[in-house]
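The values are calculated or read from the model by the stated rules, or taken from the named source; none is laboratory data. Predicted model, so just to flag it, every value in this text is computed and none were measured. Methodologically, a virtual Cβ is constructed for each residue, glycine included, from the backbone with ideal geometry; neighbour enumeration extends over all protein chains shown. Surface areas here come from the heavy atoms of the whole protein model, side chains and all, with no ligands, DNA or RNA. Shrake-Rupley method; radii C 1.70, N 1.55, O 1.52, S 1.80 Å.
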Amino acid sequence: MPDAPFLAAVRTAFPADERALVLGAPVRGDACHAEPLVRAPLAMLNRHGLIAGATGTGKTRTLQLMAEQLSAAGVPVFLSDVKGDVSGLGAPGQANERLDQRVKDTGATWKPEAFPIEFLSLTGKCGAQLRATVSSFGPLLLAKVLGLNETQTSVLTMVFKFADDRKLPLLDFSDLRAVLQHLSGDGAAELANYGGMSKATVGVLLREMVELEQQGAQAFFGEPEFDLDDLLRKEADGRGVISVLELTDVQDKPALSSTFMMWMLARLYHELPEVGDLDQPKLVFFFDEAHLLFKEGSPAFLQQVEQVVRLIRSKGVGVFFVTQSPKDVPPTVLGQLGHRIQHALRAFTADDEKALKAAARTFPKTEFYDLEETLTTLGIGEALVTVLRSNGVPTPPFATRLIPPASRMSPLSAAEFQARIAGSEQVREYAQAVDRESARELLAARMAAPADAEVAPAPARRAAQEPPSTIEQILKSPMARSVATQITRGLMGALLGPPPRRRRRTLF
C-alpha cells in the first residue's frame with residue numbers, strides 16, 4: 001500500500017470536486033492504491049496533450065478510454081484508426097478475467113457501454129467519404145502529400161496564386177492538371193508577373209499527381225467537401241458523437257492520411273469562432289501516429305502546424321498527439337502540450353537511451369519517482385501522467401494504472417461494421433461526387449473560343465472626364481489586391497471553402 005504522504009500528494013494534485021476524465025489509480029513501486037484518483041480536468045482539455053509509449057504498451061486503450069468519457073460528458077471526438085482496433089467503441093465491452101482484475105486493482109466502477117460513433121473514410125469504402133477541394137487543401141499540405149522539395153513547392157504555390165487571381169476554381173486534380181498544362185504551354189506568357197516555371201518542374205508535379213491518383217486521390221479531392229459541422233454533433237441524449245477516420249485501407253499512404261487530418265484541423269481553426277475558456281471543449285481531436293505528420297515536413301509546413309496548435313485552443317478545440325516517443329513531435333509543438341500520458345519506453349540502444357533521458361526531462365520534478373527508471377518499468381496499461389490543473393499549473397507526475405474502457409476492446413466484426421455503415425445517414429450524404437464547372441472547363445472553353453471572335457460589349461463605363469474616386473483608386477491598387485488575396489487565402493495556404501451551406505442539423 002502506498003504511504004500516506006504519497007496519497008496526500010495525489011489527492012492534492014487531482015481534486016475530486018471538479019469535472020474530469022477519470023484515468024486510473026496511482027502506483028508507487030509494486031503497490032497500486034485501489035482508488036481511481038488520477039484525473040484530467042475537463043475544462044483544461046483544450047490545452048492539448050501527448051499520449052506516447054512503445055508499441056504494445058496501451059496507447060490505443062488510453063485513447064479509447066478518453067474518447068468514451070469525453071463522449072459521455074457531451075464532448076464530440078475525432079480520432080483516427082490506423083489498425084482498425086478502435087471500432088469497438090460502438091459496442092459494449094465484455095468482461096473477462098483480466099478486465100475483472102484491472103477493475104479490482106484500480107477500484108473502478110465498470111459497466112459495459114457502447115458509444116455513438118460515425119465512421120469516415122478517405123476512399124468511401126470504410127465510412128462516409130471524406131473530400132476536400134484542391135483549393136482548400138492548399139499548396140503547403142498538397143506539397144507534403146506529393147513529397148515536393150522547396151523549389152517545387154514554390155512553383156505549386158505560384159500556380160495556386162494564379163488560379164486564385166484568375167478565378168479558376170481548383171476542385172479536383174483534373175483542374176490542377178489543366179492549369180499546369182496551360183501555364184507550361186499556350187498560357188506561359190500569363191506568368192510574366194508571377195515568375196517562371198520550368199517544364200521539368202511541371203513534369204515532376206504531374207508525375208507525382210498521377211502516382212497519387214493511382215492510389216485513389218480522385219476519391220478524396222473534389223466535392224461535396226466534408227462539412228466540418230458534422231464533427232461537432234451530439235446525440236439526442238447529449239452524448240458527443242465519436243467520428244472515427246478508418247485508415248485500414250490506406251495504410252500504405254500514411255503521409256496522405258496524416259496531412260488530411262491536418263487539413264481538417266486547420267479548417268476547424270479557420271471556421272470556428274473564438275470562444276475563449278469553456279467549461280469543456282467543443283471538440284477533442286486525437287492525432288494517432290503523429291510522427292507521420294512531422295516527418296520530412298518543410299520549415300514552412302512545421303511553422304503552420306505549430307501556429308494552428310497554438311491558436312486553436314481559443315476555438316475550444318483540444319488536440320492530443322499519439323505517438324511512440326516525445327521526440328517524434330518537434331520541440332515547438334511539444335511545448336504546447338500541457339497534458340502528458342507517457343506509457344513505457346524501451347531503452348535497447350544508445351539512441352533509445354538518449355530519447356529516454358529527453359522524455360524524463362519533459363516532466364515536472366517529483367520526489368516520489370526516479371523518472372528514467374519508472375519510464376522503463378511501467379507495465380502494459382500503465383503510464384506516467386501529468387495534467388494541467390484548473391489554475392494552469394502542471395501536476396507532479398504519477399505512475400498510474402489506467403482503468404479499463406467501458407466499450408469493447410476488440411474491433412467490430414465485419415458484419416457489425418458493414419451494418420453500421422449501411423445504416424449511416426452521413427455515409428449516404430457524401431456517397432455521390434459532384435462535378436461542377438471549374439478550372440478545367442473554364443480553360444477548355446477559353447481555348448475553344450474562335451481567335452477572331454467578337455468581344456462582347458462591355459458595360460457602360462464612367463464618362464472620360466469623371467476620374468475614379470480616391471477610395472476606388474485604393475481598392476484597385478496592386479497593394480489592395482494583394483492584401484485581399486492574402487485575407488481570402490485560408491490557413492495552411494488554403495483558399496476559403498465553398499459558400500456557406502444550409503445546416504442540415506441543429507448543433508448543440
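In segment 436-443 there is no residue matching the filter, namely being farther than 30 Å from E235 by Cβ and modelled with pLDDT under 50.
What tally of residues in segment 277-297 results from selecting those that are under 21 Å from S71 (Cβ atoms) and either hydrophobic (A, V, I, L, M, F, W, C) or part of a helix (DSSP H, G or I) (or both)?
So the count comes out to 6.
Of note, V38 satisfies the criterion of being crowded, with 21+ Cβ neighbours inside 10 Å, of a type in the set (A, V, I, L, M, F, W, C) and more than 20 Å from the chain's Cα centre (by Cα). Could you tell me whether any residue of segment 265-274 is farther than 26 Å from F294 by Cβ and open to solvent by 20 Å² or more (accessible area, probe 1.4 Å)? Taking every residue of segment 265-274 in turn, at least one turns out to be farther than 26 Å from F294 by Cβ and open to solvent by 20 Å² or more (accessible area, probe 1.4 Å).
Is it true that some residue in segment 95-103 is outside any helix (DSSP H, G or I), under 18 Å from S257 (Cα atoms) and open to solvent by 40 Å² or more (accessible area, probe 1.4 Å)? No.
Would you confirm, using the coordinates I've provided, whether A67 is part of a helix (DSSP H, G or I) and either out of contact with any Gly (no Cβ under 8 Å at 6 or more places or on another chain) or of a type outside the set (F, W, Y) (or both)? Yes: the conditions hold for A67.
Matching residues to (1) open to solvent by 10 Å² or more (accessible area, probe 1.4 Å); (2) under 16 Å from F78 (Cα atoms); (3) touching a Gly at 6+ places or on another chain (Cβ under 6 Å):
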{"residue": "F287", "(1), (2), (3)": "no, yes, no"}
{"residue": "V308", "(1), (2), (3)": "no, no, no"}
{"residue": "R313", "(1), (2), (3)": "yes, yes, no"}
{"residue": "G318", "(1), (2), (3)": "no, yes, no"}
{"residue": "G335", "(1), (2), (3)": "yes, no, no"}
{"residue": "L345", "(1), (2), (3)": "yes, no, no"}
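State whether one or more residues within segment 406-420 are at pLDDT below 95, in contact with a strand residue (DSSP E or B) (Cβ under 6 Å, 6 or more places away or on another chain) and either open to solvent by 10 Å² or more (accessible area, probe 1.4 Å) or assigned to a helix (DSSP H, G or I) (or both). No - not one qualifying residue is present in segment 406-420. A single member of A300, A358 is surrounded by fewer than 21 Cβ atoms within 10 Å (Cβ to Cβ), in contact (Cβ under 8 Å) with a residue 60 or more places away in the chain, hydrophobic (A, V, I, L, M, F, W, C) and part of a helix (DSSP H, G or I), and it is A300. Among the residues that make up segment 386-394, is at least one of them assigned to a loop (DSSP other than H, G, I, E, B), modelled with pLDDT of 95 or more, at negative phi and small (G, A, S)? No, every residue in segment 386-394 fails to be assigned to a loop (DSSP other than H, G, I, E, B), modelled with pLDDT of 95 or more, at negative phi and small (G, A, S).
Exactly one residue out of V10, V82, V75 is surrounded by 18 or more Cβ atoms within 10 Å (Cβ to Cβ), touching a Ser or Thr at 6+ places or on another chain (Cβ under 8 Å) and among the hydrophobic types (A, V, I, L, M, F, W, C), and it is V82. Yes or no: D249 within 17 Å of G127 (Cα to Cα), surrounded by fewer than 21 Cβ atoms within 10 Å (Cβ to Cβ), within 25 Å of the chain's Cα centre (by Cα) and modelled with pLDDT under 85? Here the answer is yes, as D249 does meet what is asked.
Any chance segment 128-150 includes a residue that's closer than 30 Å to I403 by Cβ and touching a residue at least 60 places away in the same chain (Cβ under 8 Å)?
Looking for residues that are closer than 30 Å to I403 by Cβ and touching a residue at least 60 places away in the same chain (Cβ under 8 Å), one finds none in segment 128-150, hence no.
Give the residue, chosen from P326, P331, that is without any contact (Cβ under 8 Å) to a residue 24 or more places away in the chain and not β-branched (V, I, T). When all the criteria are applied, what remains is P331.
Is at least one residue of segment 258-271 in contact with a Phe, Trp or Tyr (Cβ under 8 Å, 6 or more places away or on another chain), of a type in the set (V, I, T) and within 20 Å of L337 (Cα to Cα)? Scanning segment 258-271 turns up no residue that is in contact with a Phe, Trp or Tyr (Cβ under 8 Å, 6 or more places away or on another chain), of a type in the set (V, I, T) and within 20 Å of L337 (Cα to Cα).
If the condition is being over 21 Å from E223 (Cα atoms), open to solvent by 30 Å² or more (accessible area, probe 1.4 Å) and within 34 Å of the chain's Cα centre (by Cα), then segment 173-194 contributes Q181, Y194. Selection of segment 153-172 for residues being open to solvent by 10 Å² or more (accessible area, probe 1.4 Å) and either under 24 Å from the mean Cα position of the chain (by Cα) or of a type in the set (G, A, S) (or both) yields T153, S154, T157, L171, D172.
One residue stands out among those in segment 332-346 that are outside any loop (DSSP other than H, G, I, E, B) and touching a strand residue (DSSP E or B) at 6+ places or on another chain (Cβ under 6 Å): the one that is nearest to V387 (Cα to Cα), which is H339.
Under the condition of being open to solvent by less than 30 Å² (accessible area, probe 1.4 Å) and of a type in the set (V, I, T), which residue from segment 366-389 is farthest from M44 (Cα to Cα)? Looking at residues that are open to solvent by less than 30 Å² (accessible area, probe 1.4 Å) and of a type in the set (V, I, T), I get T374. Put simply, of T106, T57 the only residue that is over 24 Å from the mean Cα position of the chain (by Cα), touching a residue at least 12 places away in the same chain (Cβ under 8 Å), at negative phi and buried (at least 22 other Cβ atoms within 10 Å of the Cβ) is T106.
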